[in-house]
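Trainee: Dropping a structure here in structure tokens format, bear with me for questions.
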Amino acid sequence: MRRDRTSQLRRGGRGLTLIETLISTAIFGVVVASLYLLYESMLRTYTKGEMRAEVQQSARIALAQVTQDLRGAGYDPSGALASVSPGPSTALRAATPTCMSFISYEAPGGAPASVQISYTLASGALQRRVDSWHPGTGSFSGGSWAKVAQSMASVQFTYYDADGLVVANDTGTEPPAGLCPPASGAGSTPGQLSVEQMRRVRRIGVVLRAEATASRVTSEFFVLGNDVQLRNR
């Protein structure tokens, strides 16, 4: 009687067969793979959302700063344009499709003073430079480039005259007097407007393209633009 009970216990407590083990492993693998794919999908969705917010914020910050500065272009409370050297003695100091420099103003101590503001794109960021006016030397200097916004893929400036026509880089009677970005000495860069053409500019179109990338996720782009009327022209 005792031997029969022992045999029954042994038969009831046998282990899994090879086929049962393989089936269990396959089911477990399918479950794990499904969970991993779900995790990857959620991670990509979250990452793309973060990237989208980043590029939109970068473009909005950059456009707001450029627009604010351009609205003061030509306002020269220090009278710098009458004696600035080297020229040109125009609100726009240098202008290309991807870079510009112009006279505007700042009032850090309460009293407005003339400054030269420049914009260009470098190392994936929109860069801004502010040079103070120095009457003794008749020049703008002392500034340094600072990042306005990151994740910028491109910047495009379009210049319009009083009739709304694009001021293109054709032959002008007065050659450019400076570089863009501005530098000491005379010269020119590709696409730069002549002094004569810069005097005709009354409106500037600004288009910024922001881009964010991440591994295993498609890039996110955001394009933002605005037209700014030069109020002091």
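The values are calculated or read from the model by the stated rules, or taken from the named source; none is laboratory data. Being a predicted model, the structure only gives us computed values, none of them experimental. Neighbour counts are summed over all protein chains in view; Cβ atoms, including those assigned to glycine, are modelled from backbone coordinates with ideal geometry.
Trainee: SER101 - would you say it is touching a Cys at 6+ places or on another chain (Cβ under 9 Å), modelled with pLDDT of 85 or more and either among the β-branched types (Val, Ile, Thr) or in a strand (DSSP E or B) (or both)?
Mentor: Spelling it out, SER101 is indeed touching a Cys at 6+ places or on another chain (Cβ under 9 Å), modelled with pLDDT of 85 or more and either among the β-branched types (Val, Ile, Thr) or in a strand (DSSP E or B) (or both).
Trainee: Continuing with the same structure: Kindly evaluate ILE61 against the criterion of being assigned to a strand (DSSP E or B), among the β-branched types (Val, Ile, Thr) and touching a strand residue (DSSP E or B) at 6+ places or on another chain (Cβ under 7 Å). Give the derivation first.
Mentor: Numbers: assigned to a strand (DSSP E or B): no; among the β-branched types (Val, Ile, Thr): yes; touching a strand residue (DSSP E or B) at 6+ places or on another chain (Cβ under 7 Å): yes.
Judged against the criteria, ILE61 is not a match.
Trainee: Right, another one. Using beta carbons and a limit of 8 Å, which pairs, at least six apart or on different chains, have the first residue in region 26-44 and under 18 Å from SER215 (Cα atoms) and the second one not small (Gly, Ala, Ser)?
Mentor: Taking only residues 6 or more apart or on different chains, the pairs are ARG44/ARG216; ARG44/VAL217.
Trainee: For region 69-92, give me each residue that is under 17 Å from GLU196 (Cβ atoms), small (Gly, Ala, Ser) and touching a residue at least 60 places away in the same chain (Cβ under 8 Å).
Mentor: GLY74, GLY87, ALA91
Trainee: Identify, from the list ARG14, ARG44, the residue that is outside any helix (DSSP H, G or I) and modelled with pLDDT under 85.
Mentor: ARG14
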